[in-house]
Amino acid sequence: MPDISVQVGSMKFENPFVIASGPPGTNRQMIAKAFKEGWGGVVAKTVCLEANKINNVAPRYGKLKSREGSEVIGFQNIELISDRPIEVWEKEFRQLKDEFPKKMLIASIMEEYSEERWKELTQRCEAAGVDGFELNLSCPHGLPERGMGGAMGQNAEMVENVSRWVSSTTKKPVWAKMTPNITDIRVPARCAVNGGATGISAINTILSVVGINLKTLRPMPTVEGYSLPGGYSCQAVRPIALRMVSELGRSLPPHITISGMGGVECANDAIQFILFGSHTVQVCTAAMLQGFGMVKEMISGLEAFMEEHNFSTIEDFRGHSLQYLTTHSDLVTRQVQAKRDRAGQAARDNEWDGDKITHQSAALTSEADAPTK
Ligand SMILES: Cc1cc2nc3c(=O)[nH]c(=O)nc-3n(C[C@H](O)[C@H](O)[C@H](O)COP(=O)(O)O)c2cc1C
């Protein structure tokens, strides 16, 4: 039986599958359910110091469905971070660690751009027993209006400073969660590492408008007739997430860990993130659509994949597929070479074909320029 556990700094995950910050980690009861179903860890819903400033609206989700059927391809939300007071979270973090000491519990934290506030939030969550931290520098809606979330993630100096404030306050792993709403994800990731982050999480949701209702002419999700661009997730974002994770996998120093996410719905999706360098893989939307029990297929599918390839640990294949990403000009060179090789193979005597004799002769002929008179 392959070993699917992963060590990420001081955190040991019994499997690499982690609930991403969002509704599936929104309170103690939900997190306990995730642990009981078999998830290796949970990143709780993002907390801040003043939950009374968080005012959600409804409806706040929108689905993009396939044209043929009812399959959900894309999912948009305009949900804010947790509206539950930090005092409640402190109590629940303690209870969860008492009840599930071997499961990894990560606090997702977000604050205004103030050293004091980020440090206080870190200290309070650490005292409540969490195993690690994720810095929400990436929520794309609502919070940026207050200079938080994605607004910080798009500012290299802020990313570095917040990472430094938190990393200098705790010895536990600190993952900086990146926004995909940026040209080059490697820039803020590098700043987070310079600031002391030990890991990078990617990606948060992609800014989107899920659609316009053609009867009312109002964009969705519609709240009292109005809307705003929100965060896009689910399977439609997976190719973009994979590309961004590959950029991190190819550029980050080897001691920096990656927690990949975006559109993961089953074992085969998750394995692709590991093949591009992820140590852990997070899931949010699929758990909302399928329920926490989906992790069972993810575990058995990962084990079956490892057995098929004779991998005994995750490290045996983590990052393996990065070596096959190259430049376009390299692809051209390789194809020219491959054509030459194929032509050469056709020169084996029993492969000569009467109908192709002129082509095969030409393929084997070294063409020199015609001599000039
Ligand atoms: C309804 C909803 C709420 C979310 N809330 C948070 C949040 O509070 N903090 C955070 O860091 N990410 C939040 N996210 C983003 C997810 O953690 C994740 O980065 C993103 O959805 C991509 O993964 P997925 O396709 O598996 O959902 C939320 C996503 C959804 C769909």
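Listed peptides 121-132, 271-282 appear in the order 271-282, 121-132 once ranked by packing, highest mean of other Cβ atoms within 10 Å at the front.
Only one residue of Leu214, Ser227, Pro188 has its Cα farthest out toward the positive end of the dipole of the range 156-243, where Lys and Arg carry +1 and Asp and Glu -1 on Cβ, and that residue is Pro188.
Projection of the Cα convex hull of the range 91-144, averaged over all directions and equal to a quarter of that hull's surface, yields 4.2 nm².
Put simply, the convex hull of the Cα atoms in the range 121-250 casts, on average, a shadow of 9.5 nm². The equivalent ellipsoid of the chain has semi-axes of 44, 25, 22 Å, largest first, where each one is the square root of 5 times an eigenvalue of the Cα gyration tensor.
Take 68-81, 165-178 and order them by the average number of nearby Cβ atoms within 10 Å per residue, most first; the result is 165-178, 68-81. Taking amide H as placed 1.01 Å from N in the peptide plane, the amide H of Glu265 sits under 5 Å from that of Ala270, each at least 5 places away or on another chain.
The residues packed around Gly62, meaning those with a beta-carbon under 13 Å from its beta-carbon, carry a net charge of +3 if Lys and Arg are +1 and Asp and Glu are -1.
Taking a ≥ b ≥ c as the square roots of the eigenvalues of the alpha-carbon gyration tensor, the range 15-123 is classed oblate because a/c is 1.5 or more while a/b is no larger than b/c. Axis of helix 28-37 versus longest Cα principal axis of the chain: the two differ by about 40°, to the nearest ten degrees.
Each Lys or Arg adds one and each Asp or Glu subtracts one; over the other residues with Cβ under 14 Å from the Cβ of Val295, this totals -2. Report, in listed order, any pair from Lys45/Lys296; Lys53/Lys215; Lys45/Lys102 with a Cα-Cα distance greater than 27 Å. As for pairs spanning more than 27 Å Cα to Cα, those are Lys53/Lys215.
Quick check on packing: order 138-151, 322-335, 4-17, 189-202 by the mean number of other C-beta atoms within 10 Å, highest mean leading. Could you put the intermediate results ahead of the total?
Working: 138-151: 21.1, 322-335: 9.9, 4-17: 19.4, 189-202: 23.9.
Ranking, from highest mean packing down: 189-202, 138-151, 4-17, 322-335.
Mean residue ellipticity at 222 nm, helices only, the chain: -10500 deg cm²/dmol; runs of at least 4 DSSP H residues each add -39,500 (n - 2.57), and the sum is divided by the number of residues.
Spatial offset of the range 24-91 relative to the range 246-299 amounts to 18 Å, using the alpha carbon center of each.
Rule-based calculations on the coordinates, nothing more; no lab input. From a predicted model like this one, the values you see are computed outputs, not experimental measurements. We place every Cβ from the backbone using ideal geometry, glycine too, and count neighbours over all the protein chains shown.
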